[in-house]
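Just dropping this structure here.
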Amino acid sequence: MKLSTIVLTAFSLAVSCAQNTESQRTDPRTAAQSEAPATSQRDLDATQLSCGTSNDLSVFSLSQQASMFIVNGDEAASNDPVTASTAKIYIPGGTCTGTLIGPNQLVTAAHCFENNQTNSFDYIDLNNRNVSIGLGVAGTRSANLRVYSFVPHPCYKGILGNAETGQYLEQIYYDVAIVTFSGNLPAAHYGVEIASREELDSTSTVTIAGYGAYSDTDRQARPLTMVQTRIEEITSLDEIQLEVNGKGACFGDSGGPTYIEVDGTLKVAGTTTGPGRSSNYSCAAGSGTMMDLSKYVGWIKCSLEQMGSPILTLNTDPSSAFCKDNDIIK
């Protein structure tokens, strides 16, 4: 069988996996060639929106890699708006980061919940509470909040990579997921709005945040850390690419927020998938690949309605068409 692609590391879960996985990943600095770009699904008419597939792909999955990592960041303050709207997500084997977008709703990365052995979400058991939410600088688990439902974007098929280069494919990854929960948020925590594309276009400065490791070899639990950096490009693949400047996200910060400030108010513009496409995929380079949430607002809106936890201020857009294929886990 010709192995023309790989599933790039999930960038999300247990730090203890890092050493084993690093030895298996192709070093992009020794890459021979890149895969030809695929057609963006955004080129399709709204009535024709479909997930699309990569042709003639043989896919296998690497073991999950290191957990969240903020490059050259600072510990967040307890009274910072970033702390108020960022959450830690505890999943079997590790953790991820999410952003509160309502009193009982958060957005994160689909790959955080993926079972890399089966390329599915079969190990998520919400009845047995094997997913929980933490808040504050320390990401302390909240006994008051119980995860009620979860849905990955129906087009998410893994973080596919080119086996020859070790880099991302030129295709949309749809690496977005929604979590709903019951219980009341503490007074110091609240949801933020999703930034529009126009608001995102009006700035080049973003703040990213996450819980976890500070270096490739770090094995300690870490507090919420944040760093301000700049946008390199907003791409046709529905991604926000961050500059390679030694500051950013790497090996995850998975699902964590990309914030922008609009008229003095914090809004979430993206969720972290992994290293930037133009970086050398090392943590020291900084950078980051973030999903552009402005492309998913309609899907988030109708998904939350299906989950029984609507946010009335969200708008309908062409991405709403994907809701018909949702598989909601409760």
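Quick one: in segment 158-177, of everything that is among the charged types (D, E, K, R) and more than 15 Å from the chain's Cα centre (by Cα), which residue is farthest from Pro275 (Cα to Cα)? Spell out the reasoning first.
Restricting attention to segment 158-177, the residues satisfying the condition of being among the charged types (D, E, K, R) are 164, 170, 175.
Among the residues that remain, those that are also more than 15 Å from the chain's Cα centre (by Cα) are: 164, 170.
Details: Glu164: 18, Glu170: 14 Å.
Per the criteria, the residue is Glu164.
Here's the yes/no breakdown for (1) in contact with a Phe, Trp or Tyr (Cβ under 6 Å, 6 or more places away or on another chain); (2) in a loop (DSSP other than H, G, I, E, B); (3) at pLDDT 95 or above:
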residue	(1), (2), (3)
Thr53	no, yes, no
Gln64	no, yes, no
Val82	no, no, yes
Cys96	no, no, no
Phe150	no, no, yes
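Which residue pairs have Cβ atoms under 9 Å apart, sit 6 or more places apart or on different chains, and have a first residue in segment 75-96 that is at positive phi and of a type in the set (Phe, Trp, Tyr) and a second that is open to solvent by less than 10 Å² (accessible area, probe 1.4 Å) and modelled with pLDDT of 90 or more?
Final answer for the pair search is none.
Shifting gears a bit: Would you check which residues across segment 153-177 are open to solvent by 10 Å² or more (accessible area, probe 1.4 Å) and outside any loop (DSSP other than H, G, I, E, B) and list them?
Of everything in segment 153-177, those that are open to solvent by 10 Å² or more (accessible area, probe 1.4 Å) and outside any loop (DSSP other than H, G, I, E, B) turn out to be Leu160, Tyr168.
Filtering segment 290-307 down to residues that are of a type in the set (S, T, N, Q) and surrounded by fewer than 24 Cβ atoms within 10 Å (Cβ to Cβ), which residue is farthest from the chain's Cα centre (by Cα)?
The initial filter retains those residues of segment 290-307 that are of a type in the set (S, T, N, Q), namely 294, 303, 306.
Pick out the ones that are also surrounded by fewer than 24 Cβ atoms within 10 Å (Cβ to Cβ) and you get 294, 306.
Values: Ser294: 14, Gln306: 22 Å.
Applying the filter and picking the extreme gives Gln306.
Right, next: State whether one or more residues within segment 110-132 are within 22 Å of Ile311 (Cα to Cα), surrounded by fewer than 20 Cβ atoms within 10 Å (Cβ to Cβ) and free of Cβ contacts under 8 Å to residues at least 60 places away in the same chain.
yes
Filter segment 274-317 down to residues that are β-branched (Val, Ile, Thr) and either part of a helix (DSSP H, G or I) or touching a Leu at 6+ places or on another chain (Cβ under 9 Å) (or both), then give me how many there are.
Our first condition is that a residue be β-branched (Val, Ile, Thr); within segment 274-317, this holds for 289, 297, 300, 311, 313, 316.
Of the ones still in play, those that are also either part of a helix (DSSP H, G or I) or touching a Leu at 6+ places or on another chain (Cβ under 9 Å) (or both) are 289, 297, 300, 311.
Residues meeting the conditions: 4.
The values are calculated or read from the model by the stated rules, or taken from the named source; none is laboratory data. Since the structure is predicted, the reported quantities are computational estimates derived from the model, not experimental observations. Note that each Cβ is placed from the backbone with ideal geometry, even for glycine, and that neighbours are counted across all protein chains shown. Side chains included, ligands, DNA and RNA excluded: accessible areas come from the protein's heavy atoms. Shrake-Rupley method; radii C 1.70, N 1.55, O 1.52, S 1.80 Å.
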